[in-house]
Amino acid sequence: MPFLALAAAVLLFGTADSMVNSYIVLFGADVVRMTPLQIGVWSSAFAVGGITISWTLGRLFDRRPTRAYAIVVILMGSAGYLVLPRVSSYPLLLLMAATIFGAVSAAFPQLFALARAVLGEGPAGQRATPLLRASWSMAWAVGPLIGAVILSRNGYTGLMWTAAAVYLVAALTVLAVTRPGPVTAEASTAGPTPVLLTVSVTLFFTAMFAGGIALSLFVTRGLNQPSASVGVLFSVCAAVEVVATLILAALPSRTSQRALILGGFGSFAAYHFLTVGASGMPMLIAGQVLRGLGIAVVAAAGIRYFQDVLAPATGRATTLFANSATTGLLISGILSGAAVEQFGHRTTLVLCGLTVVVGAVAFVAGSHSPPTRHATETPVDDTFRTAAEPPIADHPA
């Protein structure tokens, strides 16, 4: 069954990704002896390379949907993490970050685009996105824990080699996914403005990443809670994400994605304002329920909404959404530290909440009218046909 193969691929890829990326900064600091500035530049190289490669592959996917792109970039991750423990040259590490590891991040939008191309735009395709997002959330719930065990027993070499093996299995699993065949899609000719939609999602994820940093400091330093309490809060959030995405998959296909996304923005904004008023764990946990709901809805329904708006450019739509999250990560890394240092933990959380509100306004402005679409056809997959071959259909950015 195509969906089961896709879900397994997402789960395996997410597990490997979370295993290694939860500790990659520590690897840079402890093993390579990078300075904080070098780590920041290295992380930025990951992000910039990922945005560029993801966007390129997204457009290629729209010209000729294929499993090959996902398979190749996941295999690159497997090879990269196999050799990374033996690399100590900082210039070489930067090059690897911008190319090999940047390419790995393209696998996420490619897998979701592949799901849309294979399963179509009917009820099965509509339910696939939240279910696959639930698989991703589960992977990130267990991956860091598995990574911690391996790291404690076998060090960074064992951790990265294990991740490389899981990446390899994930790539092989993608081969079990049915090749994309002719599917009916719809091309957007009017309606929501992609620019404003992209701005809204970028602001959401900027607040998410920046708020995550501020929350950890607020809980441990502002409320004097033990460090373990931060893990409890994030675990609650992850559990709510999984449940919420499963509920989204069960909703009727006629359910308004626009309304759901606005509700997600509202829930996420409310989390920030509830948290700043917290004095102990009960209110903090309640806030994490709102946080998990907001992230699940915007992440799952958002991907589907972008795909609907930009159909049949499935690859471009999914990549645009994923790159918005990466851009939010880039922005938040700089702003969160400066905001906490300048204004304190509570004020930073309030500012994050206000950022979400601004993002919601941008979403409303960008989605003020429903898209008008017409039917077209997506080309047949030929898994390892080269990208240089003439495209059957081109959907310019």
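The values are calculated or read from the model by the stated rules, or taken from the named source; none is laboratory data. All figures in this text were calculated on a predicted structure; none of them were measured in a lab. FYI the Cβ positions are ideal-geometry reconstructions off the backbone, even for glycines, and counts take in every protein chain you see.
Numbers for the structure displayed
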quantity: Condition check for THR275: closer than 24 Å to HIS345 by Cα, among the hydroxyl-bearing types (Ser, Thr, Tyr), buried (at least 23 other Cβ atoms within 10 Å of the Cβ) and in contact (Cβ under 8 Å) with a residue 40 or more places away in the chain; calculated: yes
quantity: Qualifying residue in the range 311-329 (condition: under 20 Å from the mean Cα position of the chain (by Cα), free of Cβ contacts under 8 Å to residues at least 24 places away in the same chain and at negative phi); calculated: no
quantity: Subset tally (residues that are closer than 20 Å to ARG316 by Cα and surrounded by 22 or more Cβ atoms within 10 Å (Cβ to Cβ)) for the range 69-100; calculated: 5
quantity: Residues of the range 101-120 classified as outside any helix (DSSP H, G or I) and not aliphatic (A, V, I, L, M), total; calculated: 2
quantity: Filtered residues of the range 210-231 (kept if touching a residue at least 40 places away in the same chain (Cβ under 8 Å) and aliphatic (A, V, I, L, M)); calculated: ALA210, ILE213, ALA214, LEU215, LEU217, VAL219, LEU223
quantity: Single condition SER135 does not satisfy, out of (1) modelled with pLDDT of 90 or more; (2) assigned to a helix (DSSP H, G or I); (3) over 19 Å from the mean Cα position of the chain (by Cα); calculated: (3)
quantity: Subset of the range 341-355 [in contact with a Phe, Trp or Tyr (Cβ under 9 Å, 6 or more places away or on another chain), part of a helix (DSSP H, G or I) and either over 26 Å from SER105 (Cα atoms) or without any contact (Cβ under 8 Å) to a residue 40 or more places away in the chain (or both)]; calculated: HIS345, ARG346, THR348, LEU349, VAL350, LEU351, GLY353
quantity: Filter result for ALA300 (modelled with pLDDT under 90, assigned to a helix (DSSP H, G or I), aliphatic (A, V, I, L, M) and in contact with a Lys or Arg (Cβ under 6 Å, 6 or more places away or on another chain)); calculated: yes
quantity: Hits in the range 106-127 (condition: buried (at least 24 other Cβ atoms within 10 Å of the Cβ) and small (Gly, Ala, Ser)); calculated: ALA106, ALA107, ALA113, ALA115, ALA117
quantity: Top-ranked residue of the range 1-30 - restricted to ones that are buried (at least 18 other Cβ atoms within 10 Å of the Cβ) and among the β-branched types (Val, Ile, Thr), ranked as farthest from the chain's Cα centre (by Cα); calculated: ILE24
quantity: Test: residue in the range 372-393 that is at pLDDT below 90 and either closer than 25 Å to GLY264 by Cα or touching a Cys at 6+ places or on another chain (Cβ under 6 Å) (or both); calculated: yes
quantity: Of all residues making up the range 278-296, the number that are surrounded by 17 or more Cβ atoms within 10 Å (Cβ to Cβ) and either in contact with a Leu (Cβ under 7 Å, 6 or more places away or on another chain) or more than 21 Å from LEU223 (Cβ to Cβ) (or both); calculated: 9
